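Below is one structure, written out as structure tokens; comments come after it.
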Amino acid sequence: MTHHTPSVEVLLDQARRFVDEEVIPRENLHRAHDRDHNLALVQELRALAVSQGLTAPRGAVADGGLGLSWVQCCAYLETAGRSFLGPGALQCAAPGQPDITTLEALATPTQRERYLRPLVQGALRSCFAMSEPAPGVGSDPRMLSSRAERTARGWRLNGHKWFATSASVADFAIVMARTEIGPSLFLVDVQQPGFDIVRDVPTVEPFDLGGHAEIRLQNCEVPADALLGEEGKGLEHAQLRLEGARLFHCMRLIGLSSRAMSLAQKYAIERQSHGARVSEHQMVQAMVADAHIELHAARLMTLDTAQRLDAGESIRHHSAMTKVFVSEAVNRVADSAVQITGALGISEDWPLSMIQRLLRPFRIYDGASEVHRSAIARRVFHQGLEA
């Protein structure tokens, strides 16, 4: 069990009340696919959250954030993640929060003022454009095909991106492209000529606030100071972002799957079947027990990785193991919740089927389970790691 200082405990209690009393009651399942409605709702909730001192948890205090440690974020993000709208309202949703982490580590003073501070304060939205259609980069970063060429005034970008989360509503993008030296990151305003959003790729997710866009970069000219971090170190910089992003996903989605099981437990207590409450049937009890075991293990793995990150350790190995376990555990928990609640669980009258659809992509996002397992095994054998 993690013990927080009194001020952080007060903040966490405040966040719990905000999500329970302000955010969840505003969820409208019948408008789960109405992006404009939900974006406006999140903006309204975000303003209310900021007025109550609830804002970007990892953002530096000087930039308007809460300055929480990674360990403190575990409880904060789990609380936010209990609602479909909570991460957006409390400014800890992807891709914004991982982009904040990236900019804090790499941005120049000018880039901090132009992009980071407004992002932390909720005045700008961001996206991260790395993935490409075949034969471009997917799970294998060596396949990056987008190019950045030096010009007299800066850089010229050409390439084809897709599944750039929230690009359709973003103000700027962090784009990965290959220079003569190697993969590099660039800050690109989405209104820049040559940055063209082709479409949003439809996915299974409800309450999708930003979509997953396909983008064409066609002779997109950016200034010299658009380079983020060091030229040629884009893969290292992206790993910095992805390690934190995986952990943030774990925290939020533990909260969402926990909510699913809580709803199933309430149903099981109230519903009668074969002369007894559903909660009295042993097979249901086994599913509930397994869910609690898995969520407990998921929280402990996430907490351990967060502690390592706070200590300044490399978390590549541990974040991969945590991401694989948590992404699969939360899906099993949600699946059990749906099974316990039967037909109601697969309906859109209740949140469970939507929760399950939101959780499923996590086994793919930020590295598919199979890719992580392969990388984990390679490190074990190459480094002689003990089990």
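A short reminder: the numbers here are calculations on the coordinates, not readings from a lab. Being a predicted model, the structure only gives us computed values, none of them experimental. Cβ sites come from the backbone with ideal geometry, for glycine too, and all protein chains shown count toward neighbours.
Quick look at the values:
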read-out	value
Proximal lysines relative to K233, as straight alpha-carbon distance under 22 Å, when same-chain residues fewer than 8 apart are discounted	K161
Helical contribution to [θ] at 222 nm, DSSP H n ≥ 4, -39,500 (n - 2.57), averaged over the chain, rounded to 500	-15500 deg cm²/dmol
Percent of beta bridges antiparallel (DSSP, the range 120-217, rounded to nearest 5)	80
Hydrodynamic radius by Kirkwood, which averages 1/r over all alpha carbon pairs of the range 215-355, in angstrom	17.7
Once the Cα gyration tensor of the range 1-149 is diagonalised, semi-axes √(5λ) in Å	28, 21, 15
Within the chain, longest stretch clear of exposed GluC sites (Glu not before Pro) (DSSP loop, no more than 12 other Cβ within 10 Å)	1-179
Sites A134 and M283 - FRET efficiency at Förster radius 45 Å, r taken between beta-carbons, to 0.05	0.55
Interchain or long-range residues, amide H under 5 Å from S131's placed H	W162
For the range 248-258, Karplus couplings with θ = phi - 60° (6.51, -1.76, 1.60), whole Hz, Gly/Pro x	4, 4, 4, 4, 5, 7, 4, x, 5, 6, 4
Dimensionless Rg/Rh of the range 6-93 - Kirkwood Rh, Rg from C-alpha atoms	0.97
Sites E221 and L48, calculated FRET efficiency, Cβ-Cβ separation with R0 35 Å, nearest 0.05	0.30
Fewest-first ranking of S146, S319, using other Cβ atoms within 10 Å as the exposure measure	S146, S319
Rg to Rh quotient for the chain, alpha carbon positions, Kirkwood Rh	0.98
About the Cα centre, charge dipole magnitude for the range 172-302 (Lys/Arg +1, Asp/Glu -1 at Cβ), debye	720
Two-decimal ratio, the range 126-232, of alpha-carbon radius of gyration to 2.2 N^0.38 Å	1.01
Relative contact order of the chain, pairs being alpha-carbon contacts under 8 Å that are 6 or more residues apart, as %	15
Pair-distance profile P(r), taking every C-alpha pair of the range 292-358, with 10 angstrom steps and integer %	21, 37, 25, 13, 3
³J(HN,Hα), Karplus 6.51/-1.76/1.60, whole Hz, each residue of the range 327-340, x for Gly, Pro	4, 7, 5, 5, 5, 5, 4, 5, 4, 5, 4, 5, 4, 5
Rounded Å value of the spacing that divides the Cα centres of the range 281-330 and the range 94-146	26
Per-residue Cβ neighbour rank within 10 angstrom, fewest leading, I197, I269, I364	I269, I364, I197
Segment H274-S314, extension gain: residue separation times 0.36 nm, minus the distance between their alpha carbons	9.1 nm
Nonlocal amide H pairs with H212, under 5 Å, H built at 1.01 Å	S166, V201
Of the chymotrypsin sites (Phe, Trp or Tyr not before Pro) in the range 1-89, those whose Cβ has at most 10 other Cβ within 10 Å and which sit in DSSP loop	none
Convex hull per residue volume in Å³, alpha carbons only, for the range 214-276	161
Distance-filtered residues of the range 200-244 - backbone nitrogen under 18 Å, label point 7 angstrom along R31 Cα→Cβ	206-211
Residues V222, V10, V169 arranged by fewest to most Cβ contacts within 10 Å	V10, V169, V222
